[in-house]
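What follows is one structure encoded as structure tokens, with my remarks underneath.
The values are calculated or read from the model by the stated rules, or taken from the named source; none is laboratory data. For clarity, every value in this text was computed on a predicted model and none was experimentally measured. A quick note on method: Cβ atoms are made from the backbone with ideal geometry, for glycine too, and the neighbour counts reach across all protein chains shown. Accessible surface areas use protein heavy atoms only, side chains included; no ligands, DNA or RNA. Shrake-Rupley method; radii C 1.70, N 1.55, O 1.52, S 1.80 Å.
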Amino acid sequence: MPTRPDTLDRLVQLLLLIAAVTTIANGVFMLAKPLDWYVFVPTVVTTGPPNAHFIRDIGLAYLGSGLILLYAALDPVRHWRAAVVGGLWLALHGLLHIYEVAAGICGPATFWADAPAVIGQPALVIAAIAILRMRKRI
């Protein structure tokens, strides 16, 4: 018999919801106004000229991840696998940014400017899954 959600269960939902909403918002922005998004994120302009099609492609990845995370946030105990799937692209994207700093492709200042969004979103998902796992909810 499922137990009633407690404070930590609600925290998991909140973490997933924050990750979902920010990911969806970024994806929608990228799809609707790719060139505005390009100049809005200061570190992106250092990567080369804008490509609206490519920005929209990445926007679709963000939107898809965010929608899956939103589904996971509805009932994290039952939908924890969706949280893993929704967070996978975000985590791989974050790892790419870490690799680029380690390889000297971009500097630490660029990494730290991007970190709240690029590392923050997958960190929220990882924290949510870790809480569920430590509490033996999954």
Per-residue SASA entry for THR22, accessible area with 1.4 Å probe, Å² rounded to 10: 60
Solvent accessible area, Å² - ILE55, 1.4 Å probe, full protein context: 10
Accessible carbon and sulfur surface of the chain relative to its total accessible area, %, 1.4 Å: 72
Crossing angle, helix 52-74 versus the chain [Cα axis fit, 0-90 degrees, rounded to tens]: 10
Positive-end residue of ALA103, HIS93, GLY66, charge dipole of the range 38-133 with Cβ unit charges: GLY66
Accessible surface, per residue, of the chain when the full set of protein chains is kept, probe 1.4 Å, Å²: 60
For q = 0.13, 0.24, 0.28 Å⁻¹, Debye-computed log10 I/I(0) when each Cα of the range 64-138 counts as one equal scatterer: -0.43, -0.98, -1.18
Degrees, to the nearest 10: 120-134 long Cα axis against longest axis of the chain: 20
Rg [Å, one decimal], Dmax [Å, integer] - the chain, C-alpha atoms: 16.2, 56
In Å², nearest 10: area of MET134 left accessible to a 1.4 Å probe: 150
Whole-angstrom gap from the range 87-138 to the range 1-66, using each part's C-alpha centre: 13
Unit charges on C-beta of K, R, D, E only; dipole of the chain, Debye: 600
